[in-house]
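Nothing in this text is a laboratory measurement; each read-out follows from the coordinates by a stated rule. All values reported here derive from a predicted model rather than from experimental measurement. Neighbour counts run over all protein chains shown; Cβ positions are idealised from the backbone, glycine included.
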Amino acid sequence: MSYDPYPSFWASATPAARDAAYNNSGAVADSAQLNAARIEDAARFRAAHVGHLDLAYGTTQRQQWDLFPAARADAPCLVFIHGGYWQRNRREDFCGLMAGALKRGWSAALSGYTLAPDATLTGIVAEINAALDWLAANGAKHGIAGKIVLSGWSAGGHLTAMCLGHPAVAAGLAISGIFELAPIRDTDLNDKLQLSMDELETLSPMRHPVVQKPCAIAYGTAELPELRRQSRDFHAYRAAAHAPGALIPVSHADHFRITAALKDEHGELLRAAEELLKL
């Protein structure tokens, strides 16, 4: 490796300080209320769009798609991968964030995946690639045949970066992602992930050859310093390889409020997604 995967304070940090550096819920006092509101909103949205839900791409309950086709099958499709450090949450509780994309005339799709410790991170990445295989083969049957912008928040930002090279994907939008796994292995998040040394190498986007597709990288300016650093470093890594895609610091947004910029039909993240297809 030609770079240091750790922040400057890491070697002298206590275990508690390392845990806190990646504890998004602990850093946002009202995160529980924000999550509850998002889940309630998603339930209403899902109840109003019942035509293409729970479509299996694999054999387990979490290996399913929720699809929300636009009026035109050839409209772009925003695919969204949920976060939760690969060990929490579910796709059904994020679909309300797709309201803005639908208002802009896009299709939207949300893919589930097996959570750790029931799946390794290697297995989770493989599941997202399998889900994209399914969408490429079956999306048109459900009214989705346009270009795919792969997006994800938090752990979903990591999975977006890992799966950007999939042939069905035209562009990416990684929101508040993790792009270097080495620090994660030194926190309590690894209790369930149990990342191997090999996975640090093979599943850290910072250690991969740059995928030459447009990919915007967004983070909130009120996020934890480590989340800001990870996004800035990954954008710099891609920019050094002349890969297209903007770095988008969302003003005053913390780790949970940044998703409002995706839900808003006039928000900067949806506008960025449209710009990606012009690059």
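Search segment 143-166 for residues that are touching a residue at least 12 places away in the same chain (Cβ under 8 Å) and within 14 Å of P214 (Cβ to Cβ) and pair each with any residue that is outside any strand (DSSP E or B) and among the basic types (K, R) when their beta-carbon atoms are under 6 Å apart and the residues are at least 6 apart or on different chains.
What qualifies is L164/K213.
Which number in (1) in contact with a Cys (Cβ under 6 Å, 6 or more places away or on another chain); (2) surrounded by 18 or more Cβ atoms within 10 Å (Cβ to Cβ) marks the one condition that N129 misses?
Only one criterion is unmet by N129, namely (2).
Has segment 236-250 got any residue that is of a type in the set (F, W, Y) and surrounded by 22 or more Cβ atoms within 10 Å (Cβ to Cβ)?
Going residue by residue through segment 236-250, those that are of a type in the set (F, W, Y) are 237.
Pick out the ones that are also surrounded by 22 or more Cβ atoms within 10 Å (Cβ to Cβ) and you get none.
Within segment 236-250 (the criterion being of a type in the set (F, W, Y) and surrounded by 22 or more Cβ atoms within 10 Å (Cβ to Cβ)), the answer is no, since none of the residues qualifies.
Looking at segment 21-53, which of its residues are within 27 Å of F179 (Cα to Cα), over 21 Å from the mean Cα position of the chain (by Cα) and small (G, A, S)?
A29
Looking at segment 78-92, can you tell me whether even one residue there is part of a helix (DSSP H, G or I) and under 17 Å from the mean Cα position of the chain (by Cα)?
First, pick out the residues of segment 78-92 that are part of a helix (DSSP H, G or I): 91-92.
Still in the list and also under 17 Å from the mean Cα position of the chain (by Cα): 91-92.
The answer is yes; a qualifying residue exists.
Whether any residue in segment 133-140 is under 18 Å from the mean Cα position of the chain (by Cα), part of a loop (DSSP other than H, G, I, E, B) and not hydroxyl-bearing (S, T, Y) is what I want to check. Give the steps one after another, and end with the answer.
We begin by selecting, within segment 133-140, every residue under 18 Å from the mean Cα position of the chain (by Cα); these are 133, 135.
Right, trim to part of a loop (DSSP other than H, G, I, E, B) and you get none.
Taking every residue of segment 133-140 in turn, none turns out to be under 18 Å from the mean Cα position of the chain (by Cα), part of a loop (DSSP other than H, G, I, E, B) and not hydroxyl-bearing (S, T, Y).
The rows are residues; the columns are (1) of a type in the set (K, R); (2) within 17 Å of the chain's Cα centre (by Cα); (3) over 25 Å from F94 (Cβ atoms).
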site: D233; (1), (2), (3): no, yes, yes
site: A240; (1), (2), (3): no, no, yes
site: A253; (1), (2), (3): no, yes, no
site: K263; (1), (2), (3): yes, yes, no
site: L269; (1), (2), (3): no, yes, no
